[in-house]
Amino acid sequence: MDPHTPDTAPGERPFSPTPGPSSAPRTVVPRGATDCHFHVFGPHARYPLSPARAYDPEEASIAAYQAMARTIGIERMVIVQASPYGMDNRCVLDAIGPLGSDVTRGVAVVDGDVTDAELARMHEAGIRGIRFNTLSGGTRLEHLDLLARRIAPLGWHIQIWATAKMLRELSDRLVRLPVEIVIDHLGLVSPAGGTTDPDYRALLALLGSGRAWIKLCGYRASVAGPPYEDVAELARGIIAAAPDRCVWGTDWPHPMLGGNAMPDDGQLVDALARWAETPEALERILVHNPARLYGFPA
């Protein structure tokens, strides 16, 4: 499987395997540690999947997520609308309260005709951004500028999941938007290209613009798999280039893995600690940067 593209073909509906048990990380995470990217799926009877979905996720409950979060030391969290729900954000919105509205924020998916009243309602519920998913389905890029203008008064950001090549092609357009940009999954940079790869250099330039953030969720960019050392140099370069604009997420329950092994979330924490290199940098990534981006209390 190419790790930079979903393992799907038209008509296929692969299942995400049930999340495995996460080990406790060797790393002692700081108080207020934040998982900035995870999903909840189901119950399917209550939250039906979109007919246009690219994959069929197994149910992954709030309680299962909370058990994992306790194991690895997460105290704050950001739930992200997953593509199998299309633009029906009820699963995300309904999860924020049970997870704790003071420690939980959300990222939604909307289309160009969303009303101001609906945006205001979602803001009140804890939504702080909208997602453009170019790989497994979602809002069309033709709505990028329109929706950026619509959400700017709310102080929201645009989160984008795209290949590194697409991000390079979009970079000039992204930096002109009136909102901040958050890049998913380490920008899907290729470890084969190393730090001189044009896509990687363009990603660093985008971060250097001061308009973009990045999620250091690197396992989807990795070819080698655990412990993801093939992306370590790239991640360290990103942290050095934009230390105040890096956040981190588990991507639990790790959908669309294809034939790849289920990540251990404790090992993902330890990989981040190796990339951050110092406790101070780790605390910035896990606590202070997310507080600024998502509006958590200092």
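Of all residues in segment 61-90, count the ones that are in contact with a Phe, Trp or Tyr (Cβ under 7 Å, 6 or more places away or on another chain) and farther than 16 Å from S136 by Cβ.
7
Consider A152 against the criteria (1) more than 18 Å from the chain's Cα centre (by Cα); (2) closer than 23 Å to A232 by Cα; (3) of a type in the set (G, A, S): it satisfies all of them except one. Which criterion is unmet?
So A152 meets the others, but not (2).
Give me the pairs, please: first residue somewhere in segment 82-107 and at positive phi, second residue anywhere and among the aliphatic types (A, V, I, L, M) and assigned to a strand (DSSP E or B), beta-carbon distance under 9 Å, and either six or more positions apart or on two chains.
G100/M77
A short reminder: the numbers here are calculations on the coordinates, not readings from a lab. Source: prediction; values computed, not measured. A quick note on method: Cβ atoms are made from the backbone with ideal geometry, for glycine too, and the neighbour counts reach across all protein chains shown.
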